[in-house]
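Structure record follows, encoded as structure tokens.
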Amino acid sequence: MKGLLKKEWLVLTHKPMTLLVPVLLFITMSIAAKTFVTLLYLPVYAGILPVTLLTTDENSRWDRFALGMPYNRKSIVSAKYLMSLLLIACGCVLTTVTILFLMKSITPEQLLLIAAAVSAGSMLLASVLLPLNLQFGTAKARIALGVLLAVITCISSAAITHSSNTESNPGFNLFEKIAAWNISTPLLALLLLAGALILTAVSWALSVCIYRRKQF
Amino acid sequence: MNAIEIKGLKKVYDSYSLGPVDLTLPQGCIMGLIGENGAGKSTSIKAMLGMISSEGSIRLLGKDIRSEAASVKQDIGVVPDEIGLPEMLNVKQVEKIMKDTFTNWDSAQFADYIKRFDLPEKKAFKTFSKGMKMKLGIAIALSHHAKLLILDEPTSGLDPLVRDEIVGILNDFTRDENHSILISSHIVSDLEKICDYIAFLHKGRLMLCEEKDRLLEQYGILHTTKDVLEGLAEDAVIGKRISEYGAEAIVRRDRVPASFDTQPVTIEELFVIMAKEA
């Protein structure tokens, strides 16, 4: 496993500037514009980086080579998820620190909620992307992702519209309903993180199943 | 202990099937897996390493490959036909990965091979020629004190000089009597130089698996006339080529009269005739 993680790290950092420039650019843009909206790029970036590792593996035929070494399929998949969680943690820390710098009046509870939401979003992205890419390969996975996003958009849009009772404020009631649950901010942050971790665990188990069936 | 023990190996695809293959390689020996392109050499090797699902029993170095894959591969050096290292990595970085992969990794030995093969340490893998890539793959396979080497077409597409060098390296490896090699190739002449055992695969079927010396003792080439050939017992002739100038046949030496002048046969001739007659 250590060798696999080292390989992921070396591949990821072989051109450190390519990795860091987008991060620095979006942090600078957020600070200059005094908004944290552009910062949301960071968790998205952290969530999709593991896919670039899969693309490198696919191009070099690393998977087949790795199976000639003392690795089993489960550890190959697990290394991808561990690297993914590490990247998400880095993205989350960078985002949170920058937000703290931008919004000095933010309360610890609000900051906790933002950090949890950012991490959960990033984990959700990685949890969807990794099994898709392992199942279909990186080229076909892009098409599968497009279809999946269209389905999610349609379902969520229908859910929001259905819950609204005013045409001028679609979705207003949904958010009102969530607010009416009276959940404390730390609990909401915890629930978000727990949900994302459960989703990641389910995604990992699914990916292991997919990878075990793969023929090289 | 046998280095490789395969019983009833089968793999079925939509348009192709392999097996059943039964194959045994005693420890300390070299086996050449010979066959035309598409004969099933790579499929057999992939099945042995658990890269594809298959039926049958596969034991490497006495361990079941399906249940003990990770532990048995600590003692196996695998060189696939394509060395699947990420193209941006250099030799030094590759070594860092391998150090954390194999418990018996020997950095000094790896450095020796890199020097011997004249491989650049800081150049990216993508800049390597096919021969250099193959040499790096072999250096990795030989630097963790493996007891069994499995090589899939290591000499394919390489020039004769590099091929000869690789054959020399493999010869050195087998000086230790506990070291075994399974090497597949369609370049039969390379295998003939080093192998103790020969396994013929043809269209997914294992046609024979025999000691090389016994094969060469058992079979011979007979240059004669069509009439003489027709007078021989049916099971004496393995394969024949008849032209207007005469007849050439591969025969079982023990099934032809001792007075007949049979010439030594090469493994390549034997394989070509057997494949054609199959």
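At-a-glance table
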quantity: Förster radius 25 Å - calculated FRET efficiency between A:Arg142 and A:Thr18 (Cβ-Cβ, nearest 0.05); calculated: 0.75
quantity: Kyte-Doolittle mean at least 1.0 and Cα axial length at least 27 Å: DSSP H helices in chain A; calculated: A:73-102, A:108-163, A:185-213
quantity: Accessible-area ranking of A:Phe26, B:Phe125, largest first, probe 1.4 Å; calculated: A:Phe26, B:Phe125
quantity: Karplus-derived HN-Hα couplings along the range B:233-243 (A = 6.51, B = -1.76, C = 1.60, θ = phi - 60°), whole Hz, x at Gly and Pro; calculated: 4, 4, 7, 7, 9, 8, x, 9, 10, 10, 10
quantity: Pair A:Gln110, B:Arg175: separation of 7 Å Cα→Cβ label points (nm); calculated: 7.5 nm
quantity: FRET efficiency, 1/(1 + (r/R0)^6) with R0 41 Å, evaluated for B:Ser53 and A:Val97 via beta carbons; calculated: 0.30
quantity: Mean Kyte hydropathy of 0.5 or more with a Cα span along the axis of at least 27 Å, helices from DSSP in chain B; calculated: none
quantity: Sequence of A:Ile198, A:Ile114 from largest to smallest accessible area, 1.4 Å probe; calculated: A:Ile198, A:Ile114
quantity: Sequence of B:Tyr13, A:Tyr211 when ordered by accessible area, the most exposed leading, probe 1.4 angstrom; calculated: B:Tyr13, A:Tyr211
quantity: Accessible area (Å², 1.4 Å probe, nearest 10) - A:Leu148; calculated: 60 Å²
quantity: Exposed trypsin sites (Lys or Arg not before Pro) absent - longest run of chain B, DSSP non-H/G/I/E/B, at most 13 other C-beta within 10 Å; calculated: B:176-278
quantity: DSSP bridge pairs, the protein assembly as shown: antiparallel proportion in percent, nearest 5; calculated: 65 percent
quantity: In Å², nearest 10: area of B:Asp235 left accessible to a 1.4 Å probe; calculated: 80 Å²
quantity: Amide hydrogen neighbours beyond the local backbone of B:Ile181, cut-off 5 Å, H modeled; calculated: B:Cys29, B:Ile30, B:Met31, B:Leu149
quantity: Estimated FRET transfer efficiency (B:Asp254, B:Thr225; beta-carbon r; R0 35 Å; 0.05); calculated: 0.95
quantity: Pairwise Cα inverse-distance average, inverted: Kirkwood Rh of the range A:18-58 (Å); calculated: 11.1 Å
quantity: Three principal axis lengths of chain A [C-alpha, angstrom, descending]; calculated: 59, 38, 28
quantity: Cα centroid separation - the range A:118-163 against the range B:125-199, whole Å; calculated: 46 Å
quantity: Relative contact order, percent, the range A:1-133 [alpha-carbon distance under 8 Å, six or more residues apart]; calculated: 36 percent
quantity: Computed Rg/Rh of the range B:175-278, alpha carbon atoms with Kirkwood Rh; calculated: 1.02
quantity: Long pairs among A:Lys74/B:Lys92; B:Lys193/B:Lys240; B:Lys63/B:Lys123; B:Lys41/B:Lys73; B:Lys123/B:Lys203, criterion Cα-Cα beyond 31 Å; calculated: B:Lys63/B:Lys123; B:Lys123/B:Lys203
quantity: Total formal charge among the other residues, if their Cβ is under 11 angstrom from that of B:Cys29, Lys/Arg +1 and Asp/Glu -1; calculated: -2
quantity: Cα centroid separation, the range B:213-278 to the range B:19-93 (Å); calculated: 34 Å
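The values are calculated or read from the model by the stated rules, or taken from the named source; none is laboratory data. These numbers come from a predicted model, not from an experiment. So basically every Cβ, Gly included, is an ideal-geometry build from the backbone, and we count neighbours across all protein chains shown. Ligands, DNA and RNA are stripped out before the accessible areas are found, and what is left, the full protein with its side chains, is counted by its heavy atoms. Shrake-Rupley method; radii C 1.70, N 1.55, O 1.52, S 1.80 Å.
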